[in-house]
Structure formats: C-alpha cells, structure tokens
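Only the coordinates and a few stated rules stand behind these numbers; no lab work does. Note that the structure is predicted; figures quoted are calculated from it, not measured. As a convention, Cβ positions derive from the backbone with ideal geometry for all residues, glycine included, and neighbour counts pool all protein chains shown.
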C-alpha cells in the first residue's frame with residue numbers, strides 16, 4: 001500500500017468523493033425530480049379548474065348543482081379526452097359533490113378535516129397516492145396518482161372546489177428509469193475516477209520512494225565531493241592571493257570607465273530632455289541628407305517614430321513635399337531666406353496644416369561634411385490669422401466705402417445748385433433720410449471696430465445695467481426689419497409677455513441685430529426666421545433659428561473668431577466677420593452663454609442664455625464709469 005501519508009490522505013478523499021456522487025444522485029436529485037412532478041401536476045390541476053370556471057361562466061357565482069352542464073356538454077369534453085385525468089369532481093360550498101366522472105358519487109358530502117380546514121379556507125390541497133394506498137377520501141388505486149383539491153373563491157368567501165386525480169405512474173416510472181441510469185453512470189464514473197486516482201497515486205508513491213533513495217545517494221556523493229573540494233581549496237588559496245592585486249587594479253579602471261559612461265549618459269539625457277521639451281519639430285540630418293535624430297514633436301508631425309526615420313533619406317521622409325530639394329535650395333543660394341513653408345496632411349485634422357521650416361548648418365566632430373538642423377514649426381494658425389486680417393481689411397474697406405459713397409453721392413446732389421432744384425421736397429427728404437441711415441450704418445460698423453479693439457486690448461466692455469422688458473425690445477427690432485419690405489417671414493414666439501431683464505439694453509439690441517442680420521443674409525428670399533423668448537429658472541433664453549445655407553463642422557468651430565467669414569468669396573454675403581465675435585463677448589460680459597447648432601444646407605440655431613439679474617460684483621466691474 002501507499003507509504004507516504006499525503007498520498008494516503010488523497011486516496012481517502014478520492015474514495016469519499018466517489019461515494020458522494022451516487023449518494024447525492026439518490027438522496028438529492030431523485031426527491032427533487034419527484035417534487036417537480038408533483039408541482040407540475042398541481043399547476044395543471046389549477047389551470048384546468050380555472051379553465052372550467054371560465055368556460056362555465058361561474059366567475060361571480062357559487063358552485064351549485066343546477067348551475068353545471070350535463071356530462072356530454074361541450075365544456076366538459078376536453079377533460080374526457082385527457083387520459084392522465086382519472087377522475088374529476090366538483091364540490092359545492094357545503095362539500096356536496098355536484099358533479100363527478102363517477103355518477104354514483106354525486107350527492108355525497110365531503111366532511112373530512114382537510115376539506116374544512118384547508119380547502120374551504122382557500123388553500124390548494126394535494127396528496128401523492130402511491131400504488132395500493134388510500135386517497136384522502138379512502139379510495140384505493142392500483143397505480144400512482146396525485147389527488148388535488150383546488151378551491152373556488154368569490155372574494156373572501158368559499159364558493160366550492162374542484163378535485164382532480166392525475167395518473168403519474170408513467171412519469172414515476174420514467175423518473176425511476178432515469179435514476180437507475182444516472183446511478184449506474186455515477187457509480188461507473190466514480191469507480192473509474194477512484195481507480196485512476198489510485199493508479200496515479202501508486203505511481204507517485206513509487207516515484208517518491210525512488211527519489212528518496214536518489215537523495216540518499218546524492219548526499220553520500222556530496223560528502224565525498226566536499227572532502228575533495230576542501231583539499232583543492234587550499235591549493236587555490238595561494239593562487240587567489242596573486243590574482244587579488246590584479247583584480248583590484250582592473251576594478252579601479254572599471255569604476256573610472258563607469259563614471260565616464262554615467263557622465264556621458266547624463267549629458268545625453270539632458271540633450272534628450274531639451275529636445276523633447278521643444279514644441280517645434282527638430283530633425284538632425286548628416287552630410288548625406290540622411291536623418292540621424294528627431295524629437296517627439298517631429299515624430300508627431302511626420303507621423304513616424306525615430307526608429308522608422310533614422311537612416312532614411314530626407315527626400316523619402318515626406319511624400320507630399322520634397323524637403324531635401326527645399327533645404328538644398330536654401331543652402332546653395334545665399335540670397336534665399338533659410339526659411340520656407342510647406343503644407344502637410346496630419347492625422348486628426350480635416351485640412352492640411354501649414355508648417356514653417358528653418359534651415360541651419362553645424363559642423364560635426366566626425367565626418368567631413370557639415371550637418372543640418374531642420375526646425376519645423378506649426379504656423380497654420382498664424383497663416384490663417386494673416387489671411388483673415390487681409391480679407392478683413394478688404395472687406396472693411398468695402399463695408400466703409402459702400403455707405404460713404406452713397407453719403408457723398410447724395411450729399412453732392414443736395415449741395416449742387418444745378419441738381420438740387422431738379423428734386424421735389426419729398427425726394428430731398430428721402431435723400432437726407434438715406435444719408436442718415438447710411439451714416440448710422442457707418443457708425444455701427446465703427447462701433448463694432450472699436451469694440452473689437454477694446455476686446456483685443458483686454459479691457460472690459462462698458463455695460464449700463466437697467467431694468468427693461470426683453471419682449472418689447474425684441475418685438476421692436478423685429479417690427480423694424482418687417483417694415484423694410486423684406487420677402488422673409490419673421491416669426492416671434494414668447495411664452496411670457498412681460499419678461500423683465502436687468503442688463504445693458506443697447507448692447508443686447510446690438511446682439512439681436514447681428515443675429516437677425518446673419519439669419520436674413522444666409523437664408524433664402526422667402527425663408528422663415530424664428531425668434532423665440534422664454535424663461536429658464538433664473539435665466540432668460542433667446543433663440544434665433546433660420547433654415548438657410550448652414551455651416552460645416554469646421555466653420556462652426558471658428559464662428560466666434562474675429563474677422564472670420566465662412567465664405568470669403570466675391571459671391572458670398574457681405575460682412576466684416578465681426579458680428580458673432582461681438583455677440584459672444586457681449587453675452588459673456590453679461591455672464592451669459594452662447595451656443596450654435598448648424599448643419600450644412602439645414603440652417604442654424606443660435607441660443608443665448610442671460611441671467612435675469614446680475615450679481616453685485618458684476619454691477620461693480622461692468623459699470624461704464626470703471627476704466
């Protein structure tokens with residue numbers, strides 16, 4: 001048998017498991033299957049009883065002898081075809097059998113305790129009757145049955161009961177057959193499992209015994225070896241003393257070398273930190289125009305790692321632009337600036353980015369040819385600002401020149417004696433009114449320019465807080481646009497007719513004027529502009545919706561930029577590109593919020609939220625008398 005205690009313990013545990021599996025099958029699974037069979041039989045009896053109540057229309061009436069149909073009537077026929085249903089009886093509230101599959105039982109009264117104490121109180125009563133045993137009523141069956149009493153309740157009152165006898169002989173037989181098969185399989189598997197474990201433990205026992213013998217032999221050989229080593233050690237001691245001096249000298253040399261390597265590593269790490277901290281891309285190129293080193297910023301710009309770029313020709317680094325040719329042009333011509341721009345498509349951006357490259361030469365310690373340092377900076381924003389400023393200067397000149405030309409022209413007509421007499425008084429008044437309107441438009445544009453200058457200089461916008469009706473202000477501006485004879489439809493919606501606001505009315509008129517102007521300019525001639533006012537807790541909400549040309553995602557990202565115009569072509573709607581920037585900053589000065597939603601071809605929706613009343617700190621810092 002097994003001589004190792006641990007193996008004996010494992011064998012006993014395996015034996016216990018092999019016995020446990022069949023026992024669990026017999027004492028746990030088998031009773032559980034029987035209970036499931038009884039529960040299902042009881043549920044089926046309840047369903048039959050409920051079905052009988054429904055088809056007989058007895059939901060709200062007590063079970064009485066005269067209220068039931070004959071045995072051959074349609075409601076009872078489904079039960080006659082159920083072979084598992086051995087007997088079916090219906091009891092009145094007094095316990096009298098008013099219907100039974102055995103006609104001779106009708107009229108008998110069930111006065112047993114289980115009927116009065118359980119069924120009559122509204123509880124289902126089931127009993128499993130095994131073969132040759134008595135039912136609850138004292139009957140004897142030669143098969144296995146389940147006897148179930150289902151009470152019929154009307155509110156909280158007992159209205160009668162249904163009794164059903166179901167044949168479960170076949171189901172019990174199948175469960176027993178399945179149990180025998182399962183037990184046989186469990187016993188077989190447990191035996192195989194135990195024999196396998198026993199065989200494995202037996203082999204392990206043999207292996208452990210052989211290992212113990214091998215360890216004993218190894219100890220004996222080790223003792224002999226130690227004796228030989230001790231003798232050999234004495235011989236090597238003298239040789240070791242001679243080598244100690246030589247090792248000490250080599251150690252000093254290695255320490256010096258390690259210190260030099262550490263210094264070199266520290267210098268290299270400092271250089272790496274410096275290059276990594278530079279926000280611009282740095283490329284180090286040798287005399288053969290091969291890349292030798294790049295920093296992290298250059299890796300991101302070129303979308304490649306140092307390992308991929310190292311040793312690669314500069315001409316092959318970027319396929320969209322020939323950097324080698326540009327660098328060579330800067331180096332060969334002394335009159336050419338060592339700076340050039342190039343565009344490069346960068347992952348994560350919809351359009352190419354503009355980069356500025358600066359070329360510088362250096363003399364390396366090794367190699368006859370001088371090296372090149374290429375410094376790459378992202379100047380996309382600077383170039384975009386230059387473009388917007390140039391476009392703004394042209395547009396501002398046009399916007400200033402248009403009303404000024406009209407003013408000068410009509411003024412000449414009114415001041416020239418030869419022409420002024422040709423016009424009637426009404427026409428002269430119309431000319432003066434047009435000059436006045438153009439002058440006001442010119443003044444508004446100049447005010448916008450002054451406001452933009454104030455914002456760029458970092459000074460706050462002066463605000464004159466006063467209480468006024470926001471609804472009246474919006475209605476007046478909308479009515480003024482309606483009187484201009486536009487073909488657009490202006491809708492005004494307000495849920496609160498007396499929405500009061502404490503703010504700078506002139507500034508908010510400026511905001512709404514810009515929003516309406518944009519909506520009218522970028523909508524079709526017969527388009528609809530919707531202006532809505534509402535109150536959200538302690539904020540007023542102004543919404544302007546149009547169904548015009550809309551904006552792309554890129555245009556929407558720059559909508560609040562100064563001088564920005566989504567379409568700067570000659571055929572685009574006129575404007576200086578200041579309106580939405582002023583709207584944003586005026587609302588921000590009121591401690592409000594501005595949001596814009598738009599899709600190309602579907603119009604735009606601008607929502608402005610303003611506090612109904614400013615805080616005391618806001619009143620102090622936003623006073624027009626504070627510089």
**OP:** Within 10 Å, count the other beta carbons around each residue, average over each peptide in 103-112, 470-479, and list them highest first.
**Re:** 470-479, 103-112
Original post:
What's the FRET efficiency of residue 157 with residue 16 using the Cβ-Cβ distance as r and R₀ = 51 Å, to the nearest 0.05?
Top reply: 0.35
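If R0 is 56 Å, what FRET efficiency do you get for residue 124 and residue 554 from their C-beta distance, rounded to 0.05?
Values: r = 73 Å, r/R0 = 1.30.
In this case the efficiency is close to 0.15.
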Subject >> Theoretical FRET efficiency, 1/(1+(r/R0)^6), r = Cβ-Cβ of residue 246 and residue 305, R0 45 Å, to 0.05 >> reply: 0.45
Subject >> Inter-label distance, nm, simple model (7 Å from Cα along the C-beta direction), residue 600/residue 459 >> reply: 4.2
